[in-house]
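Here's the structure we're looking at; comments come further down.
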Amino acid sequence: MKYTMAAGGVLTNTFKYNDKAFAQFVKDVSYNACTKHLYTLQELKHNASYVLEKIQDICTALGDYNLVFRSKVHEQNNLIDDGTEIIQPGHFNFFSVLELLDGVTVLFEKNEQNQYSRVVADGMSLTPPIIRECLSRTKEGDFVVSMKLMKELKAHLIKTLEQLHAKGVLTFIGQTNRNHTAIYPLGTVSIDDSTHRPNIHLRLGAPLCTVDIDLWFCVEGRTTKLGHHVMIPVDESETFKQDLWKEIVVERPNDDRYILTDPHKQLLCTLKLISYIYNMLVNKGELPQTIQTTCISSTSYIRTIVLYHQKTCISDSVGECFTNIINSESVKLFDECSANTFHVSTQDWFYPERRIYSDKAYTITMIWFLHNINNTFDTICSL
C-alpha cells in the first residue's frame, strides 16, 4: 500500500479500497466472533451472575475480616447488553466503593488536564490506625489518602481469599503474573502479583470460561447527567505525581450520543478482534511488548474512536467506516512518530480534557489487516 504525505501533514494513499470486501469482512467477523452468537443469552447471564456473586462474596468477606474495608460493589455496564463482547465473556470491571471514605472531600488539582484530584480527609476523624497510616500530609496541611491504602487493602484481600479457601467457598491458588493464561476450574481464584498497580486484578474460573477481573476500590463520586461517577486511584506513571485519583463514569448514559448504532457495533467487534489477535501475539512473544497503556483497557480506546467516528459518519457502508477509522488512526501514527512514544492517543469521550492511549503497534496491526483483506479479495476475484 503506497502512502504519501500531503500538504499540512495529512496522510493519503493512492491505493483504491474495495469497500464491498471490507463490509463483508466486518459483517462476517462480528457475527462469528460476537458472544451473543456463540452462547445463549441464558448462558451469558448465568456466567455474569456467577462472577458478580463471587466478587460480592469476596468484598463482603473482606469487610467482615476488617470493618475498615467495607464496600459496595458496582459493575460497569455489562457488554452482554449492547452485544459487543467477543470470543468469550472473559473480562469484567467492578468498582467497590469504600464506605469509610464516603463523604471525604475531593480536591481537584489545577494542572494541564484539570482531571486529577486528591482525596482529602480529616486525619483525626479517621480513627482506625490502618487508615491513618495511609494518609500523607500536603504542604497546605491537608491529609490526603495515599496509595499505601491500596497496598494495605491488597494484603488484607489475600488473607480474606485464604480464609474463603479454608471454608471451601472458593479455591485460592495464590499470586500469579497478570499475563498468566491458564484455564481455571470453576471457583478457582488467583490474584495478580503486581505491587504497583492502582487496581487489583483477579482471575476466576467461571461457568463459561476463565475470566479476568479488574477490581477497583474507590471513592463515591458525583451523579450528573452522565450518570454515576466514582473516583479511582491513578497509576503514578500516568501523571508522574503521587496519590492522585481520577473520576470515571461507571454506567454509560442512555443517550444516543453514547450508544453505537448496529453497524458501528459490528465495527467495534471487528476492531476488538484485531486487538485480541494483536494481544495474543504479544503474549506469545511473537511481537515486541510495548509500554503499558494508561487506559483501563484497550477496549476503552477502541470504543472511543468508534464513537468519535460515528459522530461525523455519513456513510451507509460499514466497509467504508472500517477504512475511514484505520486511515484516521494511521494519520495519528505518522503525526506522532516524532514524539518518541510507543502510543497514539485520543480524547476521552466523557472527559475531553483527558487523553486515553493505545499502542502504536496495534495501529500497525490494523493497517496490516486493511492491506491484506484488500489484497485477498482482489486475488479471489481474479481467479
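The values are calculated or read from the model by the stated rules, or taken from the named source; none is laboratory data. The structure displayed is predicted, hence computed values, not measured ones. Here the Cβ is made from the backbone with ideal geometry for all residues, glycine too, and neighbour counts use every protein chain on show.
Of Asp81, Asp64, Asp28, all but one fail to be modelled with pLDDT under 90, in a helix (DSSP H, G or I) and either assigned by TED's automatic domain parsing to the domain that holds Pro352 or not basic (Lys, Arg) (or both); the exception is Asp81. Evaluating Arg137 against the criteria (1) at pLDDT 80 or above; (2) assigned by TED's automatic domain parsing to the domain that holds Asp235 leaves one unmet condition, (1).
Looking at segment 372-382, is at least one residue at pLDDT 80 or above and touching a Ser or Thr at 6+ places or on another chain (Cβ under 8 Å)? No, segment 372-382 contains no residue that is at pLDDT 80 or above and touching a Ser or Thr at 6+ places or on another chain (Cβ under 8 Å). Per this entry, Ser275 is not counted among residues that are buried (at least 20 other Cβ atoms within 10 Å of the Cβ), within 19 Å of the chain's Cα centre (by Cα) and modelled with pLDDT under 80. For segment 84-131, the set of residues classified as at pLDDT below 75 and at positive phi consists of Gly103, Asn114, listed by residue number.
Considering segment 278-296, and only residues there that are of a type outside the set (S, T, N, Q), at pLDDT 55 or above and surrounded by 16 or more Cβ atoms within 10 Å (Cβ to Cβ), the residue that is nearest to Arg355 (Cα to Cα) turns out to be Tyr278. The sole residue among Thr176, Thr188, Thr160 that is touching a Gly at 6+ places or on another chain (Cβ under 8 Å) and in the same structural domain as Glu85 (by TED's automatic domain parsing) is Thr188. Out of (1) modelled with pLDDT of 85 or more; (2) touching a strand residue (DSSP E or B) at 6+ places or on another chain (Cβ under 7 Å); (3) in a helix (DSSP H, G or I), the odd one out for Thr346 is which? Failed condition: (3).
When Met150 is tested against (1) surrounded by fewer than 17 Cβ atoms within 10 Å (Cβ to Cβ); (2) at pLDDT 80 or above, exactly one condition is not met: (1).
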